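Below: the structure, in structure tokens.
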């Protein structure tokens, strides 16, 4: 079916529509890997250098998926506000750390832990040994990157990872990694009011 022609809108009409819409909103809910295609599509819908708000409630997923999202956000210069509405754990920490503004509530929860790998396939010992070597290198590189993205002490992040630490929103704020918000409407997310 061909697209319907649309009537040209005046400049004030377009501005009003843009003001009502605000930045694109994306929800990362559930397993990161299961939602990768949708999240990638949503990030690609944002103009390079554009803004978005990402809501996080995810236990994690594939580190490769996390790196893909981080790469898209960084290479496209996306300025994201990340808001943890529930959990932000494991691989989901990387996209959250990439956000230019990070908001948490007193009830937000973060799990830092060493990377885990598993295979449902039957693989030979040579392939398993190579995978183990690769994974150890990947884990070390990603731990360093996580500290860099957060702009935090590698020692602090490393200690949390090593001890499989559950970190609260309050602890993230105390460490200087996020801002605290209360469960009240955020003015920047509300439609602009006519003066």
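A few points about this structure:
- 10 °C / 1.306 mPa s Stokes-Einstein diffusion coefficient of segment 26-99, Kirkwood radius on C-alpha pairs, µm²/s: 136
- Principal axis analysis of the Cα atoms in segment 137-195 yields extents of 55, 21, 15 Å, listed in decreasing size.
- Simple spin-label estimate for residue 41 and residue 62 in nanometres, 7 Å along Cα-Cβ: 1.7
- Cα gyration tensor, segment 21-176 - rounded (a/c under 1.5), prolate or oblate: oblate
- Each peptide in 89-97, 28-36, 158-166 was scored by the mean count of other Cβ atoms within 10 Å over its residues; highest first, the order is 89-97, 28-36, 158-166.
FYI, it's all coordinate maths here, none of it is from the lab. This one's a predicted model, so the numbers in the text were calculated from it and none came from an experiment. Every residue, glycine as well, gets a Cβ built from its backbone with ideal geometry; the counts of neighbours run over all protein chains shown.
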